[in-house]
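Notes follow once the structure below has been shown.
The values are calculated or read from the model by the stated rules, or taken from the named source; none is laboratory data. As the structure is a computational prediction, the values presented were derived from the model and not from experiment. Note that we place each Cβ from the backbone using ideal geometry, even for glycine, and neighbour counts take in every protein chain shown. These area figures cover heavy atoms from the full protein model, side chains too; ligands, DNA and RNA do not enter into them. Shrake-Rupley method; radii C 1.70, N 1.55, O 1.52, S 1.80 Å.
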Amino acid sequence: MPQPNDPSTHDDLISIDITLSALASGTATLTTILVLQDDVTPGGGRYASYASALEVAADVTAGNLTATSQAIADDMFGQANAPASILFGQVDLTSGSETAATALDAVIAAGAQFYGVIYASRTVARQAALAVDIEAKADSGTYLLLALQDDDADWLTTGGIPSAWSSAAGFERTVMYFHDDNADDAASDRLDACAMADRLSWDPDETSAGWNHTVAQVDALTTKLTQAQKAYARTNKANTALPLGTRTSTFVDPGQNLAGRPVDHVVSADWLRARGSEAVADLITSTSERGTKLTVDQQGQALVGGKLEGVFMLGVAVGHFLAYRLTPLAITTADIAAQRVRFDGETQLATGIRQVGISLYFDTDPIA
C-alpha cells in the first residue's frame, strides 16, 4: 500500500477527516480518601495523591509531609483491604488560621477527586466545624463521607451526644469513632483512618461492603469498657473497635453514622445517585452527538428508564439493594414545557447482620 501523501498516486482525490472525541472525565470516585492535615504541603502544594506508604515517605523526606502523615499512611495502607491510593490535603493553620472547611473547598477547587474525608486534627471545635460544612455540602449537591475520632468520656457515660459535639447531632455524613489513644501525633491510634481505608477500598460498583467490620493497625482500648459504657457508645453511635469471637480484637461496631443509619446505606444511596446520573447524562450526550434528540414522549422516557433500570439491576447484583421498583410517570403538558421525563420508585436496601439471637431448650429426651 502506498505511503500517505505519496505524490505519485491519485490518493489525494480522497479526503477523510477524523475528529477524536474529547477524553471522558470518568465516573465519580467512591473509593478515594482525602486526609486533611494541618500545616503540610503535599507534593509542595495544596494536595497530592499517593499510591503507597513509600510515596508518602518520599514526600516526608522532601519536607512536605510529617512523621504523623507517615503514620497515618502506614495505617491506611496496612489494612487487609488497602486503598489503591490516598490524598493528603493542606490546612494552612499556622500562616492563615485556615479552617478545615476552607481548606476542603480549596482542595476541591484545585481539582481533587475523592469521596471519603478524614481530618488528622483532634481539636474538637475544628472537627465539629468540618462536620457541619460537609453536612451542608450535601444540601447543595456535594456528597462526601467524613470520619472523625474522639475520646470524650461522655460518649461512654451519657445517654446523648457529648455537648462539644451538639452541632453534629444526627448528621448523616459523619461517622464517629471512639478511641482513648487520641492524640494528634505519630504514635497514637487512628481508628477513623483505618476504618475508612478498609471500607472504602471495596469498589461499590462490585460489592456493597458492610461497615461493622475488622480493622488492622489499631490497638485495643487502653481501658476495657464496661457493659454500661459499651451500651452508651452504641446508643450514641460512637463506633468502637472491640474483640469479637476468636479471630480479631478490633471489630468495629455498630457501623453507623451519627444519625444511627448503617453507613453502607449512605454509600449505597450515594452510589445510586452518582451512577444513575452518569448513565442518564451519557445517554443524553451520546444521543446529541449523533445529531438526534431524546424526545419528551414514551419512547424517550423508555430510553432513560432503561439506563436507570441497568443501574438498579447492578445495585441488586452487587448487594446494595434487595429489590427495587421504577415506574415512569405520565407525561404532562408541564413536562413537555420543562423538557423533562419523570419517574417514581423505591428500593429495599440490603442490611447486614449485627446481632444473632438463639433460643435453645435443653432436655434429656430424644429429639424427634
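Leaving out ligands, DNA and RNA, and with a 1.4 Å probe, what % of the accessible surface on the chain is carbon or sulfur? It would help to have the intermediate numbers written out before the result.
Numbers: 10420 of 19260 Å².
The value for the chain is 54 percent carbon and sulfur by accessible area.
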Exercise. May I have the count of lysine pairs in the chain with C-alpha atoms under 29 Å apart, counting pairs 8 or more residues apart or located on different chains?
Key: 4
Practice problem: Give me the angle, in degrees from 0 to 90, between the Cα long axis of helix 100-109 and the longest principal axis of the Cα atoms of the chain, rounded to the nearest 10. | Solution: 20 degrees
Quiz item: Taking the DSSP beta bridges in the chain as the whole, what percent of them are antiparallel, to the nearest 5?
Solution: 45 percent
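Based on Cβ point charges of +1 for Lys and Arg and -1 for Asp and Glu, what charge dipole magnitude is obtained for the chain about its Cα centre, in debye rounded to the nearest 20? Spell out each step's value before the answer.
Working: 22 positive and 45 negative charges, 198 e Å.
With only Lys, Arg, Asp and Glu charged at Cβ, the dipole is about 960 debye.
Work out, step by step, the length gained on full extension between Asp39 and Asp181: first 0.36 nm times the residue separation, then minus their alpha carbon distance; give nm to one decimal.
Numbers: separation 142, 0.36 × 142 = 51.12 nm, distance 2.21 nm.
Separation in residues times 0.36 nm, less the Cα-Cα distance, equals 48.9 nm.
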Quiz item: Quick one: helix 263-289 against the long Cα principal axis of the chain, what's the angle to the nearest 10°, folded into 0 to 90?
Solution: 10 degrees
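Roughly how many debye, to the nearest 20, is the charge dipole of segment 149-243 about its Cα centre, given +1 on each Lys and Arg Cβ, -1 on each Asp and Glu Cβ, and no other charges?
Values: 7 positive and 16 negative charges, 98 e Å.
My answer is approximately 460 debye.
Hey, can you find the accessible area per residue of segment 124-234 for me, probe 1.4 Å, expressed in square angstrom?
Working: 4320 Å² over 111 residues.
Each residue of segment 124-234 exposes 39 Å² on average to a 1.4 Å probe.
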Practice problem: Taking all pairs of distinct Cα atoms, average 1/r, flip it, and tell me the Kirkwood hydrodynamic radius of the chain in Å to one decimal place. | Solution: 23.4 Å
Practice problem: Tell me which residues come under 5 Å, amide H to amide H, from Asn257 once H is placed; ignore anything under 5 positions away on its chain. | Solution: Val263
Exercise. Set the Förster radius R0 to 45 Å, insert the Cβ-Cβ distance between Thr332 and Asp105 as r into 1/(1 + (r/R0)^6), and round the FRET efficiency to 0.05.
Key: 0.70
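At a Förster distance of 30 Å, what's the computed FRET efficiency of Leu242 paired with Thr123, Cβ-Cβ distance as r, to 0.05? Let's see the in-between values first.
Details: r = 26 Å, r/R0 = 0.87.
With R0 = 30 Å, the Cβ-Cβ based efficiency is 0.70.
Specify, per residue and in Å³, the volume enclosed by the convex hull of the alpha carbon atoms belonging to segment 64-124. Let's see the in-between values first.
Values: hull volume 7.1 nm³, N = 61.
It comes to 117 Å³ per residue, whole-number rounded.
Sort Val175, Val356 from largest to smallest accessible area, using a 1.4 Å probe on the heavy atoms of the protein chains.
Values: Val175 0, Val356 115 Å².
Putting Val175, Val356 in descending order of accessible area: Val356, Val175.
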Quiz item: Which value in nm describes the separation of the simple spin-label points at Asp139 and Tyr361, placed 7 Å from the Cα toward the beta carbon?
Solution: 5.6 nm
Quiz item: So what are the ³J(HN,Hα) numbers for segment 35-48, from phi and the Karplus equation (6.51, -1.76, 1.60; θ = phi - 60°), rounded to whole Hz, Gly and Pro as x?
Solution: 9, 7, 9, 5, 6, 10, 10, x, x, x, x, 6, 8, 7
Quiz item: Between Lys293 and Asp203, what length in nm is gained on full extension when 0.36 nm per residue of separation is reduced by their alpha carbon distance?
Solution: 29.1 nm
Self-check item: Distance (nanometres) between label positions extended 7 Å along Cα→Cβ at Phe343 and Ser8
Solution: 6.1 nm
Quiz item: At Thr285 and Ala317, where each label point lies 7 Å from the Cα along Cα→Cβ, what is the point-to-point distance in nanometres?
Solution: 2.3 nm
